[in-house]
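The values are calculated or read from the model by the stated rules, or taken from the named source; none is laboratory data. What you see is a predicted model, and the numbers here were worked out from it, not measured in a lab. Cβ sites come from the backbone with ideal geometry, for glycine too, and all protein chains shown count toward neighbours.
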Amino acid sequence: MNLHPHYFGGNEAALFGCYHAPPPGKTARHGVVLCHPLGHEYMACYRTIRQTAVRLAQAGVPSLRFDFYGSGDSAGEASEGVPSRWLLDVRAASDQLQQKEQRTAGITFGGLRFGATLALLALQGSRRLDAHGLILWDPIVRGAAYVDELVALQHERFGGADADEILGFPFVAGLRDELTQINLLKTEHTARQVLIIETGQAKSETQQLAERLTSLGATVEHRVVAGPAIWHEPNKASVPATVIQSVVTWVRSNV
């Protein structure tokens, strides 16, 4: 396996990334930037993101997975991480992949849970990134609902008043405030090809997101797959190999 762990993005805010290179002579025209979930979900989904990157590379698609600022092995304190900062990290990761693979004609951005949300948010605004494809695996559509979900989870397991941490990870006011403002149904820009994966039962807000992206001109494939939500149980999480392979097949076929 051609795995290249390294730091990028500058010394004071260095991000740790793992570049997965395809075998010699088997490079696709497009690369994939993969975005991790947050907090305890990062731990639960780490192997899934890693295996997705490995499978993509084996199929000839170069990929880069990385730790956001304030998480994993990247610079910064955990309490300093906020979405506005992480969007800069997505841009840095995109630049890094293009430097690694100069033959790459375009980038597909993908992620799991809030990583998927950040992948789509990176395509918004005046300095938006241009994406050929987009993989949204159980995206967080409404940030306010996500905050409520995390707080309820903390209360269920540990009780007490509103927590300033969630399952051992900082959950400071700045992070809460930025999360609460996120609503993907207000998206204004998207990629040409979009894959949405939803685990378990279909949710109306995810269908609304698919419809919103379609109205913006994207070709959207929305798949609902059977299986448990792997992101809340780091010690019990399994790797959904069948879903990963379907992602790889989609990338090879569409981008």
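A few remarks follow.
- Which numbered condition residue 14 fails, given (1) modelled with pLDDT of 95 or more; (2) touching a Leu at 6+ places or on another chain (Cβ under 9 Å); (3) among the aliphatic types (A, V, I, L, M): (2)
- Scanning region 64-80 turns up no residue that is touching a residue at least 60 places away in the same chain (Cβ under 8 Å), touching a Lys or Arg at 6+ places or on another chain (Cβ under 9 Å) and among the aliphatic types (A, V, I, L, M).
- Considering the conditions (1) exposed (fewer than 12 other Cβ atoms within 10 Å of the Cβ); (2) charged (D, E, K, R); (3) in contact with a helix residue (DSSP H, G or I) (Cβ under 9 Å, 6 or more places away or on another chain); (4) under 24 Å from residue 108 (Cα atoms), residue 188 is excluded by exactly one of them, (3).
- Residue-level check: of (1) buried (at least 20 other Cβ atoms within 10 Å of the Cβ); (2) at pLDDT 95 or above, residue 61 misses just (2).
- Helices (runs of 4 or more DSSP H) lying entirely in region 70-181 (those with 3 or more residues that are more than 29 Å from residue 22 (Cβ to Cβ) and touching a Gly at 6+ places or on another chain (Cβ under 8 Å)): 173-180
- Within region 1-28, residues that are touching a residue at least 24 places away in the same chain (Cβ under 8 Å) sit with their Cβ atoms under 9 Å from residues that are part of a strand (DSSP E or B) and among the charged types (D, E, K, R), at 6+ positions apart or across chains, in these pairs: 17/65; 18/65; 19/65; 20/65.
- Evaluating residue 71 against the criteria (1) crowded, with 17+ Cβ neighbours inside 10 Å; (2) more than 15 Å from the chain's Cα centre (by Cα); (3) within 24 Å of residue 177 (Cα to Cα) leaves one unmet condition, (2).
- Region 201-238 - residue that is part of a loop (DSSP other than H, G, I, E, B), modelled with pLDDT of 95 or more and over 20 Å from the mean Cα position of the chain (by Cα) and, of those, surrounded by the most Cβ atoms within 10 Å (Cβ to Cβ): 216
- Filter pass, residue 168 being surrounded by 15 or more Cβ atoms within 10 Å (Cβ to Cβ) and touching a residue at least 12 places away in the same chain (Cβ under 8 Å): no
- Of everything in region 6-52 that is under 15 Å from the mean Cα position of the chain (by Cα) and of a type in the set (S, T, N, Q), the residue that is nearest to residue 143 (Cα to Cα) is 48.
- In this structure, residue 3 qualifies as more than 18 Å from the chain's Cα centre (by Cα) and either surrounded by 15 or more Cβ atoms within 10 Å (Cβ to Cβ) or farther than 19 Å from residue 131 by Cβ (or both).
- One residue stands out in region 201-237 among those that are of a type in the set (S, T, N, Q) and free of Cβ contacts under 8 Å to residues at least 24 places away in the same chain: the one that is farthest from residue 40 (Cα to Cα), namely 215.
- Scanning region 27-40 for residues being assigned to a loop (DSSP other than H, G, I, E, B) and either closer than 17 Å to residue 250 by Cα or of a type in the set (Ser, Thr, Tyr) (or both) gives a total of 3.
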